[in-house]
Amino acid sequence: MKHLPKHLQPRWRYLAIGLETRPGESIDRRSFQRECWYAGQNLLGDPGSARADLRVIRYEFDDGTGEAIVRVRRGETDPARAALACIDEVDGVPVGLVVRGISGTIRAAEEKFLDG
């Protein structure tokens, strides 16, 4: 199967996200990814969720605080931010979520908005 030409490939934006819960609580990557999908589907519907295509790329969580990078299609950052703002708990654990910034590359998102 041939690759798509560069001008037809999808363009991405990366949202740097900070997570916070009670000390001692833990959230795994799979649960957070599932909650992102549910939030997108509930707020944006099936077509909007498919357009945004929320995908967790990087995820670190340790002792109540964590960081993540979520990939979104270019032009869908505002709906994606709204969907992520709807997340208030993951697997019954209350969570605070803040979008620290948006970048065009994973590396820039890490360097500008996350600790790494």
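Every number in this text was worked out from the coordinates using simple rules, so none of it is lab data. In this text the structure is predicted, and so the values were computed from the model without any measurement. Please note: Cβ atoms are built from the backbone with ideal geometry, for glycine as well, and neighbour counts cover all protein chains shown.
Quick notes on this one:
- The range 1-39, residues that are more than 12 Å from Ala68 (Cβ to Cβ), of a type in the set (A, V, I, L, M, F, W, C) and not in a strand (DSSP E or B): Met1, Leu4, Leu8, Trp37, Ala39
- Restricted to the range 70-116, and to residues there that are of a type in the set (Ser, Thr, Tyr) and not in a helix (DSSP H, G or I), the residue that is surrounded by the fewest Cβ atoms within 10 Å (Cβ to Cβ) is Thr105.
- Only residues that are closer than 25 Å to Arg107 by Cα, surrounded by 17 or more Cβ atoms within 10 Å (Cβ to Cβ) and in contact with a strand residue (DSSP E or B) (Cβ under 6 Å, 6 or more places away or on another chain) were counted across the range 19-47, and they come to 5.
- Tally of residues being closer than 25 Å to Pro94 by Cβ, over 12 Å from the mean Cα position of the chain (by Cα) and touching a residue at least 60 places away in the same chain (Cβ under 8 Å) across the range 45-82: 0
- Restricting the range 60-69 to residues that are of a type outside the set (Asp, Glu) and assigned to a strand (DSSP E or B), the residue that is surrounded by the most Cβ atoms within 10 Å (Cβ to Cβ): Ala68
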